[in-house]
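See structure below.
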């Protein structure tokens, strides 16, 4: 496929091998086409690695963080369960959202390995009193049992899956953690953008089918109490396509 921006004529020219098609440059369809390539190019250039949140690397697109902020404000959870800690940026992000909302909201963050320097930085952060770190595989029975200990009766629970992004692992996490999600809240299977990165430098061919979006779609088809909600990815600029599962 070939894309050509003709700024003089204000057109986006698209050639997919069946003749050239012209779109108005400032149309919604042209925006969606160009956004897809912006996301792909940004991922190849590790753009998301350039951001921090309150001092910790967060490795997320700003567009996704704004949507997650909207989600937290809409749900107003008492507990956010997060799988995948890395440098702790998203852990601090969620803790800061709960701090702004007031109350006693907490974050429980799980990772198979929390490196000592990351743990030290998170534990030294002013928002750490709202955080519990659990080291272990997110799908191990013992780890899940530890997480459940923090779910209080009547608490509003939001779950963010951001650890191992293989389809099987995410499918397993969905089965294990979705029952903890309260009605009206969500479980979010992040980084499904892998499905559109299989042919990008640094991508892998198997990502076309082996990705969180595929796991979320199959989960929604089997569990009718959960519905995929496109509202939170409406801008089209996201690493989380098909990620947001709402419990009714």
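The values are calculated or read from the model by the stated rules, or taken from the named source; none is laboratory data. Owing to the predicted nature of the structure, the values given are computational and were not obtained by experimental measurement. Glycine gets a Cβ as well: all are built from the backbone with ideal geometry, and neighbour counts include every protein chain shown.
Modelled with pLDDT under 95 and either on the phi < 0 side of the Ramachandran plot or surrounded by 14 or more Cβ atoms within 10 Å (Cβ to Cβ) (or both): is that true of residue 20 in this structure?
Considered against the rule, which asks whether it is modelled with pLDDT under 95 and either on the phi < 0 side of the Ramachandran plot or surrounded by 14 or more Cβ atoms within 10 Å (Cβ to Cβ) (or both), residue 20 comes out as yes.
Go through region 164-176 and give me each residue that's closer than 18 Å to residue 211 by Cβ and in a helix (DSSP H, G or I).
Within region 164-176, 167, 168, 169, 170, 171, 172, 173, 174, 175 meet the criteria.
Condition test on residue 74, is it assigned to a helix (DSSP H, G or I), crowded, with 22+ Cβ neighbours inside 10 Å and at pLDDT 95 or above?
In short, no.
Scan region 96-107 and tell me whether some residue there is part of a strand (DSSP E or B), in contact with a strand residue (DSSP E or B) (Cβ under 9 Å, 6 or more places away or on another chain) and in the same structural domain as residue 176 (by TED's automatic domain parsing).
Yes, region 96-107 contains at least one residue that is part of a strand (DSSP E or B), in contact with a strand residue (DSSP E or B) (Cβ under 9 Å, 6 or more places away or on another chain) and in the same structural domain as residue 176 (by TED's automatic domain parsing).
Does residue 117 count as at pLDDT 95 or above, assigned to a loop (DSSP other than H, G, I, E, B) and in the same structural domain as residue 156 (by TED's automatic domain parsing)?
No.
Name the single residue, out of those in region 124-136 being out of contact with any strand residue (DSSP E or B) (no Cβ under 8 Å at 6 or more places or on another chain) and not in a loop (DSSP other than H, G, I, E, B), that is surrounded by the fewest Cβ atoms within 10 Å (Cβ to Cβ).
129
Hey, any hits in region 208-216 for a residue that's at negative phi, part of a loop (DSSP other than H, G, I, E, B) and surrounded by 21 or more Cβ atoms within 10 Å (Cβ to Cβ)?
yes
If you check every pair at least six apart or on different chains, which have Cβ atoms under 8 Å apart with a residue in region 107-118 that is surrounded by 14 or more Cβ atoms within 10 Å (Cβ to Cβ) first and a residue that is at pLDDT below 95 and outside any loop (DSSP other than H, G, I, E, B) second?
Cβ pairs passing all conditions: none.
Every residue in region 39-58 that is more than 11 Å from residue 200 (Cα to Cα) and assigned to a loop (DSSP other than H, G, I, E, B), please.
46, 51, 54, 55, 58
Starting from region 120-147, keep only residues that are at positive phi and in the same structural domain as residue 110 (by TED's automatic domain parsing), then list their pairs with residues that are surrounded by fewer than 18 Cβ atoms within 10 Å (Cβ to Cβ) and outside any loop (DSSP other than H, G, I, E, B) whose Cβ atoms are within a distance under 8 Å, requiring at least 6 positions of separation or different chains.
136/142; 136/146
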